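**Student:** First the structure, then my questions, so here it is.
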Amino acid sequence: MKNIIAPSILAADFANLQLAVEMINASEADWIHIDIMDGAFVPNISFGIPVCEAIGRHAKKPMDVHLMIERPENYVAQFKKAGASYISVHIEACPHLHRNIQQIKDLDCKAGVAVNPHTSISQLEDIIADIDLVCLMSVNPGFGGQKFIENVYSKIEKLKEMILRRNSKALIEIDGGVNQGNAKKLLDMGADVLVAGNFVFSSANPMDTIKSLKNL
Ligand code: DX5
Ligand code: ZN
């Protein structure tokens, strides 16, 4: 399967979101990554459901919604309504993760689980067969433009082994600090989806940058 590229709208100019979405529409990107931060689970607030809905009105590519929030069960139906195709919740925020995943699937969304850099892959053992996506954080969630944490490489290998052994269909997504210097290695090690925020939006030509990630 060809790698999936998901530019993160968090790094776009929020005063020109429509332009950013249209750029992604016209590019070789596969998904649009939407980072939702609540100022509680993570020490930052990004934007919420109305902005996600506004992005969805222009998006021609699936919206991959990454919920960095507490109590996601109170909001997932609204994100589905706002146009989400994938919804990921954080394992660290979900004491009843299995229930959260079922709720997302019952909404006819693809269900993902995001894991912080310190969280062991072994914690996914009993949920991996039920999910469509694992979002491996390669930075501590909360901010774009952070330095890539190399420990994620060994997590990809462990996760790939678990996915095969458990006969799971989950895709492996890498989120945080992805750039030209690590993207190829991540894909070679088994990553399926690369999220890229600053690397895309801070570049001189975001469409060309997306193309370069897509054609590694
Ligand atoms: C971090 C977010 C990421 C972020 C990635 O909390 O989950 O999706 O937008 O941005 P970059 O690629 O700039 O690290
Ligand atoms: Zn994200």
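The values are calculated or read from the model by the stated rules, or taken from the named source; none is laboratory data. All values reported here derive from a predicted model rather than from experimental measurement. Glycine gets a Cβ as well: all are built from the backbone with ideal geometry, and neighbour counts include every protein chain shown. The area values use the complete protein model at the heavy-atom level, side chains included, leaving out ligands, DNA and RNA. Shrake-Rupley method; radii C 1.70, N 1.55, O 1.52, S 1.80 Å.
**Student:** State the number of residues belonging to the range 195-216 that are of a type in the set (Gly, Ala, Ser) and either assigned to a helix (DSSP H, G or I) or open to solvent by less than 70 Å² (accessible area, probe 1.4 Å) (or both).
**Tutor:** 4
**Student:** Kindly indicate whether any position in the range 155-172 is over 16 Å from Leu133 (Cβ atoms), open to solvent by less than 70 Å² (accessible area, probe 1.4 Å) and either in a helix (DSSP H, G or I) or not β-branched (Val, Ile, Thr) (or both).
**Tutor:** No, the range 155-172 contains no residue that is over 16 Å from Leu133 (Cβ atoms), open to solvent by less than 70 Å² (accessible area, probe 1.4 Å) and either in a helix (DSSP H, G or I) or not β-branched (Val, Ile, Thr) (or both).
**Student:** Could you give me the residue pairs with C-beta distances under 6 Å whose first residue belongs to the range 199-216 and is closer than 16 Å to Ile4 by Cα, whose second residue is acidic (Asp, Glu) wherever it lies, and which are 6+ apart or on separate chains?
**Tutor:** Correct list of pairs: Ile210/Glu28; Lys211/Glu28; Lys214/Glu28.
**Student:** Related question: Collect the residues in the range 1-53 that are part of a helix (DSSP H, G or I) and touching a strand residue (DSSP E or B) at 6+ places or on another chain (Cβ under 8 Å), keeping them in residue-number order.
**Tutor:** Ile9, Leu10, Val21, Ile24, Cys52
**Student:** Let me ask something else. Does Pro141 satisfy the condition of being farther than 25 Å from Pro62 by Cα and either open to solvent by 20 Å² or more (accessible area, probe 1.4 Å) or within 16 Å of ligand 1 (Cβ to nearest atom) (or both)?
**Tutor:** No.
**Student:** For Val200, which of the numbered conditions (1) within 12 Å of ligand 1 (Cβ to nearest atom); (2) in contact with a strand residue (DSSP E or B) (Cβ under 8 Å, 6 or more places away or on another chain); (3) within 26 Å of Ile127 (Cβ to Cβ) fails to hold?
**Tutor:** Of everything listed in (1) within 12 Å of ligand 1 (Cβ to nearest atom); (2) in contact with a strand residue (DSSP E or B) (Cβ under 8 Å, 6 or more places away or on another chain); (3) within 26 Å of Ile127 (Cβ to Cβ), Val200 misses just condition (3).
**Student:** Looking at the range 173-194 only, could you name the residues that are open to solvent by 30 Å² or more (accessible area, probe 1.4 Å) and free of Cβ contacts under 8 Å to residues at least 60 places away in the same chain?
**Tutor:** Result: Asn179, Gln180, Gly181, Lys184, Lys185, Asp188, Met189.
**Student:** Select from the range 93-125 the residues that are over 22 Å from Glu161 (Cα atoms) and either under 16 Å from the mean Cα position of the chain (by Cα) or of a type outside the set (Lys, Arg) (or both) and list them in ascending order.
**Tutor:** Once the filter is applied, which keeps residues that are over 22 Å from Glu161 (Cα atoms) and either under 16 Å from the mean Cα position of the chain (by Cα) or of a type outside the set (Lys, Arg) (or both), the range 93-125 yields Ala93, Cys94, Pro95, His96, Asn100, Gln102, Gln103, Ile104, Asp106, Leu107, Asp108, Cys109.
**Student:** List, please: which pairs have Cβ atoms under 6 Å, are six or more places apart or on different chains, and start with a residue in the range 43-60 that is under 13 Å from Ile32 (Cα atoms) and end with one that is open to solvent by less than 100 Å² (accessible area, probe 1.4 Å) and charged (D, E, K, R)?
**Tutor:** Going by the 6 Å Cβ cut-off, there are no qualifying pairs.
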